[in-house]
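Worksheet: the structure to be examined is printed underneath.
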Amino acid sequence: MGEAHWEKVYLSKAADAVSWYRPHLELSLNLIVHVAGGSSAAILDIGGGASTLVDDLLDRGYQNLTVLDISPTALTAAKRRLGPVGDKVQWLTADVIRTSLPEHEYDVWHDRAVFHFLTAQEDRDKYVSQALYAVKRGGFVIVSTFGPEGPTRCSGLDVKRYDAESLHQQFGGRFRVVESTTELHETPFGTTQQFVYCCCKVE
Ligand SMILES: C[S@@+](CC[C@H](N)C(=O)[O-])C[C@H]1O[C@@H](n2cnc3c(N)ncnc32)[C@H](O)[C@@H]1O
């Protein structure tokens, strides 16, 4: 599902009123800090939307941040929230599986709740190729999706759910799992959703 769908979402709902919102993406942040190395690490947040992860990474001194999202409205909301400090971030309005990314540029690729929307194998294969192309050898890919007990749909779209093993299987032999975990995310409406996080080293 493309740009029109996500634009509609972000034009009709406040950034903190969507089911995936949380004030801070603590688990993502911890995993990134754990693997990123120094503050010059090049970090790419795939489908970062209007999340506060970029704020928290800036607060921790990371200087080489890129947020990619298919929705320009989501990125504008994040930029506006950050004010002038947002100028330090590279903002890319793009579809992760169709855009041209720089080769072996990033130390860390992070995705919370984007990969699970790829219900066609062909699209998942393209996604994995993009990650392999854009991430440095020895870099890290952190992907978080709904877990086996998570919802079957999000934002009106079907999703594919994974446990850590089946998520890793989507990526293949060049990705070595360094850490995986689950999280019970509490939505702004008081319901819970199971997420799985898988952090892999690209070899
Ligand atoms: C469920 S939201 C998660 C947002 C953010 N990662 C978070 O955890 O708060 C999914 C995000 O992915 C973006 N998105 C969906 N499909 C995409 C695609 N093919 N390429 C880039 N971004 C996409 C949407 O615009 C939306 O911001």
(message) For segment 180-203: of the residues being free of Cβ contacts under 8 Å to residues at least 12 places away in the same chain and part of a strand (DSSP E or B), which is surrounded by the fewest Cβ atoms within 10 Å (Cβ to Cβ)?
(response) 184
(message) Every residue in segment 24-38 that is within 12 Å of the ligand (Cβ to nearest atom) and assigned to a helix (DSSP H, G or I), please.
(response) 26, 27, 28, 29
(message) It is to be established whether one or more residues within segment 39-51 are modelled with pLDDT under 95 and more than 8 Å from the ligand (Cβ to nearest atom).
(response) no
(request) From the list 87, 107, pick out the single residue that is away from the ligand (no atom under 15 Å from the Cβ), part of a strand (DSSP E or B) and open to solvent by 10 Å² or more (accessible area, probe 1.4 Å). (result) 107
(request) May I ask you to say which residue of 165, 183 is closer than 17 Å to residue 198 by Cα and within 13 Å of the ligand (Cβ to nearest atom)? (result) 183
(message) With assigned to a helix (DSSP H, G or I), within 9 Å of the ligand (Cβ to nearest atom) and farther than 20 Å from residue 199 by Cα as the only criterion, which of 78, 74 stands out?
(response) 74
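The values are calculated or read from the model by the stated rules, or taken from the named source; none is laboratory data. Since the structure is predicted, the reported quantities are computational estimates derived from the model, not experimental observations. All Cβ positions, even for glycine, are placed from backbone atoms using ideal geometry, and neighbour counts span all protein chains on display. SASA here: full protein model, heavy atoms, side chains in, ligands and nucleic acids out. Shrake-Rupley method; radii C 1.70, N 1.55, O 1.52, S 1.80 Å.
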